[in-house]
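Let me begin by presenting the structure, written as structure tokens, before commenting on it.
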Amino acid sequence: MASAQTAVVTGAGSGIGQACAVGLARQGYRVAVADVRPDASATTAAMIHEQGGEALSLAVDVSDSASVQRGFDRIVGQWGGVKVLVNNAGIVHQSLLEHLSDEDWHRVLDVNLTGMFYMARAAIPLLRAEGSGGRIVNISSVLSTVTRPLNGPYSASKGGVNAMTRALALELAPSCITVNAVAPGHILTPLTVPMFTPAVTRAFEERIPLGYLGQAEWIADAVLFLVSPEAHYITGQVLFVDGGYNINGDLPNLEFGR
Ligand code: NAP
């Protein structure tokens with residue numbers, strides 16, 4: 001990059017968001033590290049500073065539009081504008097839909113879908129002000145298209161992320177701002193470590209065509225590509241980074257058509 005540009009990453013205090021923030025800083029971006037937990041965003045900002053990068057630690061709850069606006073006000077005050085938004089913050093709440101409370105349904109949708117809308121809405125005027133080449137990358141999930149019992153609210157929220165990605169991409173195309181989603185498969189992060197017991201890990205290794213769980217840095221690699229100049233002609237797409245999980249309709253341990 002000719003001169004430093006600003007990237008904003010939500011949920012950047014942990015896991016995939018942290019890997020994206022660190023990766024963007026290594027590419028020369030000034031990174032606004034936004035997380036609902038100020039201690040977590042401060043940790044990621046410190047990692048970036050230790051590596052010689054520029055970071056601004058922000059406490060932002062993406063499900064609260066006033067908190068989102070305060071975050072952008074801080075960024076504009078410090079650095080003047082925004083070139084890249086990585087909408088990553090997300091939560092999981094496992095429950096059968098028939099037993100799910102109003103509150104838990106709304107919490108998942110508020111963080112995973114409405115939060116991305118609040119962030120994008122606040123970022124758009126800033127992205128436009130930078131001229132062409134702005135980028136939004138939304139972190140979706142393989143569970144936006146395939147799903148399992150107990151993941152109803154999560155899958156609904158991520159299906160909404162894919163649809164909103166396409167809608168935003170169309171609306172922002174005239175400004176040459178691209179909007180894409182990255183849909184991770186099963187990635188080892190603080191979110192999933194408690195769920196990935198040895199038995200679950202073995203089952204995933206059998207089900208994932210490439211045969212192994214993913215790492216946060218591999219999702220960050222896809223995000224870094226989508227924000228790069230080389231990806232200027234890609235918009236409105238959902239890029240699955242899942243070891244082939246979403247295309248696997250095989251019937252294991254069964255002779256069928258072979
Ligand atoms: P993670 O390790 O839990 O990191 C997510 C970060 O976002 C946490 O620091 C979390 O804080 C923060 N956060 C939660 N609610 C927030 C809010 N309202 N505002 C701002 N920040 C908030 O999770 P991850 O595994 O890296 O997941 C990141 C994204 O990837 C999510 O959108 C997730 O759905 C998606 N994804 C992950 C996987 C996977 O296998 N890991 C697969 C597919 C998709 P708390 O710790 O306090 O909640």
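Miscellaneous remarks
- Those residues of region 119-141 which are part of a helix (DSSP H, G or I) and either surrounded by fewer than 22 Cβ atoms within 10 Å (Cβ to Cβ) or away from the ligand (no atom under 12 Å from the Cβ) (or both), in sequence order: Ala120, Arg121, Ala122, Ala123, Ile124, Pro125, Leu126, Leu127, Arg128, Ala129
- The single condition among (1) more than 20 Å from the chain's Cα centre (by Cα); (2) assigned to a loop (DSSP other than H, G, I, E, B) that Asp104 does not meet is (2).
- Tally, over region 47-78, of residues that are part of a helix (DSSP H, G or I) and in contact (Cβ under 8 Å) with a residue 12 or more places away in the chain: 11
- Among the residues of region 28-54, just one is away from the ligand (no atom under 16 Å from the Cβ) and crowded, with 24+ Cβ neighbours inside 10 Å, namely Tyr29.
- Among the residues of region 58-67, those identified as more than 9 Å from the ligand (Cβ to nearest atom) and under 20 Å from Asn138 (Cα atoms) are Leu58, Ser65.
- Count - residues of region 26-63 that are touching a helix residue (DSSP H, G or I) at 6+ places or on another chain (Cβ under 6 Å) and charged (D, E, K, R): 3
- Selected residue (only one of Ala7, Ala25 is away from the ligand (no atom under 13 Å from the Cβ), part of a strand (DSSP E or B), out of contact with any His (no Cβ under 8 Å at 6 or more places or on another chain) and in contact (Cβ under 8 Å) with a residue 12 or more places away in the chain): Ala7
- The helices (runs of 4 or more DSSP H) found entirely in region 144-247 that carry 3 or more residues being surrounded by 14 or more Cβ atoms within 10 Å (Cβ to Cβ) and away from the ligand (no atom under 14 Å from the Cβ) are 152-172, 216-227.
Each value in this text was obtained by applying a stated rule to the coordinates, not by laboratory testing. Keep in mind the model is a prediction, meaning the values are calculated, not measured. Glycine gets a Cβ as well: all are built from the backbone with ideal geometry, and neighbour counts include every protein chain shown.
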